[in-house]
1. Is any helix in the chain, taking whole DSSP H runs, at least 27 angstrom long along its axis by alpha carbon and on average at least 0.5 on the Kyte-Doolittle scale, and which ones?
2. Where nothing but the Cβ of Lys and Arg (+1) and of Asp and Glu (-1) is charged, how large is the charge dipole of the chain around its Cα centre, in debye to the nearest 20?
3. Using the Cα centre of the chain as origin and beta-carbon charges of +1 (Lys, Arg) and -1 (Asp, Glu), tell me which of 111, 161, 13 is placed farthest towards the positive end of the dipole.
4. When a/c reaches 1.5 or more, the comparison of a/b and b/c decides; with that in mind, is region 109-209 rounded, prolate or oblate per its Cα gyration tensor?
Amino acid sequence: MTALGILYPGHFAEDDYARIEQLIGSDIRVDLVRIEVAEDIHRTDALREMGSPERLAASVEGLRLAGAEAVVWASPSGSLGYGWQGAQEQVRALARAAGMPASSTSFAFVHAVRELGVRRVAVGAPCPQNVADLFADFLRAGGVEVAAVQAAGAVTPEEVAGWGEAETLALARAADAAGAEAVVLPDTAWHTAAYLPLLEESLGKPVLTANQVTVWEGLRLADRRVNAPALGALFTREPIVQV
């Protein structure tokens, strides 16, 4: 049994993780610790406060006691306000506090793009444009080319959590751009796990979503590989051999 620890902000799409655990169908356990946030809003100062090292460190004891082998901070926006270097220090501090390998959803997207062997992506973000642009800048700092950024303008995670198949597919299609080899949909408040096969079939290319890559990142840190086609191309590829 491999146990993955997820630090999840709020109470929006946490049921995506139970679905992903079920779709993996292996000896993988996904344990969530919910982090209460003072202000659920897509605004940069609130996002920095939500991802403060002190707040994250105070939440890891339960994961340690549950036997987690790796921990992932499941909030892209909760890392973006720190920039690439600051987000690296954020996860280093989390690893020290947790006593286990650590990462965040923001870095998970960069690693997942590399895993797929693609270079150029399109971004479809539910949040306002300024936060979506921060995410695109983060990808670029990780060596990912961004072909286009489509922002839907949702101000709160609660709004995004209410989206279903129609809204998800519409934003993914609007975000897709000529030359993009994959489409990236970043928000862990967004229910997307059930739609991955539909999204990839509709767009004809890999689709990476926040809760999907968060679990994948935990597996990567724990040195586990699983084959789960219902979770998209990311969960069906053999490891990329770096030369």
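All of the numbers you see were taken from the coordinates with simple rules; none came from a lab. Nothing here was measured: the structure is a model prediction, and the numbers come from that model. Heads up, the Cβs are rebuilt from the backbone with ideal geometry, glycines too, and the neighbour counts pull from every protein chain shown.
1. Result, helices passing both filters: zero.
2. I would put it at about 720 debye.
3. 111
4. On the way: a/c = 1.71, a/b = 1.20, b/c = 1.43.
Because a/c hits 1.5 or more and a/b fails to exceed b/c, region 109-209 counts as oblate.
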